[in-house]
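Worksheet: the structure to be examined is printed underneath.
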Ligand SMILES: *[C@@H]1O[C@H](CO)[C@@H](O)[C@H](O)[C@H]1NC(C)=O
Ligand SMILES: *[C@@H]1O[C@H](CO)[C@@H](O)[C@H](O)[C@H]1NC(C)=O
Ligand SMILES: *[C@@H]1O[C@H](CO)[C@@H](O)[C@H](O)[C@H]1NC(C)=O
């Protein structure tokens, strides 16, 4: 009796062992299969995108007698948006495609980096390195927070003095709130760029966390007339802002978003928006007691990508914006971009030089081999500032999240060093969080 039972037990154990061995083998095999099922077609797709992009860039260049001719007609041939299999791709020679393999490889490498970003150990040290101010939004007089009735219409860009009144800008204030989120007061117009008011990226409670506090709560921000979104990435557009300034908001601000974002806006219950493609302009009219004021917002190219997941990657476009009052460029919001040697000269050819204020990203450039196609570094900030002949430039897109390998304050230190070296000290620097800066003075 006893023996038989033991035998049974041994037999059963053996069976179980065989079974687990088999099932681990099976799981491994299934895992490998899934990996192959995904990676083989994906690699094919990536090669196809790479090939089609190169083909298109060459085809466009062949169409031009002189590919360095800066006339807008040539610019349109060279740098119009284009898509492969329903997804936007970069038409720039400087670009190198990023595959999901590269993306995830870098996320894994990051896990093994100790003290990434070189953050200080204590909050006191951090407060000293990254002072946070309470925004005042304007530095002189009081903020006129009354609601502007505005009309927005997509029309060709105009520098015709009769069509766009030429009254120069009197007041220009900028408050940086972290990453690429800033509040700009442009006379009567209140602009918010790339809204980001969440503690974490990706999800309200997990995902990369802010390394510095938000200078202002979303409720304390003056209601914008316009919200400019450069592209659909979690650090440039958060769901909290969509919810807050969406259809439930009593004033429903106007969102200006890149082409292809409509379905995402509608899904998030935001219906007051305008989609712009590269080189498209919308005329924003503020109804005044005596005279209407016209601002023009134009979407200009950037070298980046978009999407919140693998599925929606590149379904919408990425861009920068140039804002005009009268026929003068006042504000350039670069969004996220890599450096394209002739892009900014082309923007100037079309929209004029000497923009009053350029907001340029200066962080997230390490490791260079990985980040360079999509992000500029401080030296390239100076180049763009020179190409635009900008009167002032602020280095933003740093000190907010740790999304790259450099020391977290390096973008500021490098940009300010280069700026001093180039005798641009007072015209090109990194703002402090929440500090309201006045650019009204340098009126012609
Ligand atoms: C998205 O676009 C970027 C830039 O062109 C490219 O590197 C990436 O491979 C694209 N992804 C997809 C899924 O098309
Ligand atoms: C859209 O936003 C503008 C600017 O804030 C506002 O004047 C307009 O009334 C809004 N439109 C709707 C339909 O809510
Ligand atoms: C949009 O509004 C509908 C109806 O009020 C609601 O059920 C849905 O959850 C909202 N969607 C988002 C993303 O907030």
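The values are calculated or read from the model by the stated rules, or taken from the named source; none is laboratory data. Remember, it's a predicted structure, so these values are computed and weren't measured experimentally. Note that we place each Cβ from the backbone using ideal geometry, even for glycine, and neighbour counts take in every protein chain shown.
Among residues that are in contact (Cβ under 8 Å) with a residue 40 or more places away in the chain and away from ligand 3 (no atom under 16 Å from the Cβ), residue 205 is not included. Among the numbered conditions (1) within 16 Å of ligand 2 (Cβ to nearest atom); (2) over 18 Å from residue 283 (Cα atoms); (3) touching a residue at least 24 places away in the same chain (Cβ under 8 Å); (4) over 18 Å from the mean Cα position of the chain (by Cα), the only one that residue 188 does not meet is (2). The C-beta contact set for the range 42-69 (first residue more than 17 Å from residue 82 (Cβ to Cβ), second residue assigned to a helix (DSSP H, G or I), distance under 8 angstrom, 6+ apart or interchain) comprises 42/100; 66/74. Among the numbered criteria (1) more than 26 Å from residue 168 (Cβ to Cβ); (2) surrounded by 23 or more Cβ atoms within 10 Å (Cβ to Cβ); (3) free of Cβ contacts under 8 Å to residues at least 40 places away in the same chain, which one does residue 358 miss? If we test residue 358 against (1) more than 26 Å from residue 168 (Cβ to Cβ); (2) surrounded by 23 or more Cβ atoms within 10 Å (Cβ to Cβ); (3) free of Cβ contacts under 8 Å to residues at least 40 places away in the same chain, just (1) comes out false. Within the range 269-299, the residues that satisfy the criterion of being within 16 Å of ligand 3 (Cβ to nearest atom) and over 19 Å from the mean Cα position of the chain (by Cα) are 269, 270, 271, 272. Just checking, does the range 119-131 include any residue being at pLDDT below 95, in a helix (DSSP H, G or I) and within 30 Å of residue 303 (Cα to Cα)? No, the range 119-131 contains no residue that is at pLDDT below 95, in a helix (DSSP H, G or I) and within 30 Å of residue 303 (Cα to Cα).
Among the residues of the range 321-346 satisfying the criterion of being touching a helix residue (DSSP H, G or I) at 6+ places or on another chain (Cβ under 8 Å) and within 24 Å of residue 173 (Cβ to Cβ), which is farthest from ligand 2 (Cβ to nearest atom)? Residue satisfying both the conditions and the ranking: 334.
Is it the case, given these coordinates, that residue 151 is in the same structural domain as residue 294 (by TED's automatic domain parsing) and assigned to a strand (DSSP E or B)? Break it down into steps so the answer makes sense when it comes.
Values: in the same structural domain as residue 294 (by TED's automatic domain parsing): yes; assigned to a strand (DSSP E or B): yes.
Here the answer is yes, as residue 151 does meet what is asked.
Whether a residue is within 19 Å of the chain's Cα centre (by Cα) and outside any loop (DSSP other than H, G, I, E, B) was assessed, and residue 416 does not pass this test. In the range 425-442, of all residues being touching a residue at least 40 places away in the same chain (Cβ under 8 Å) and over 25 Å from the mean Cα position of the chain (by Cα), the one that is nearest to residue 400 (Cα to Cα) corresponds to 440. Can residue 213 be described as in contact with a strand residue (DSSP E or B) (Cβ under 7 Å, 6 or more places away or on another chain), in contact (Cβ under 8 Å) with a residue 60 or more places away in the chain, more than 16 Å from ligand 3 (Cβ to nearest atom) and under 12 Å from residue 178 (Cα atoms)? Yes, satisfied. Looking at the structure I just gave you, is residue 107 touching a helix residue (DSSP H, G or I) at 6+ places or on another chain (Cβ under 7 Å), away from ligand 3 (no atom under 16 Å from the Cβ) and more than 17 Å from residue 315 (Cα to Cα)? The answer is no for residue 107.
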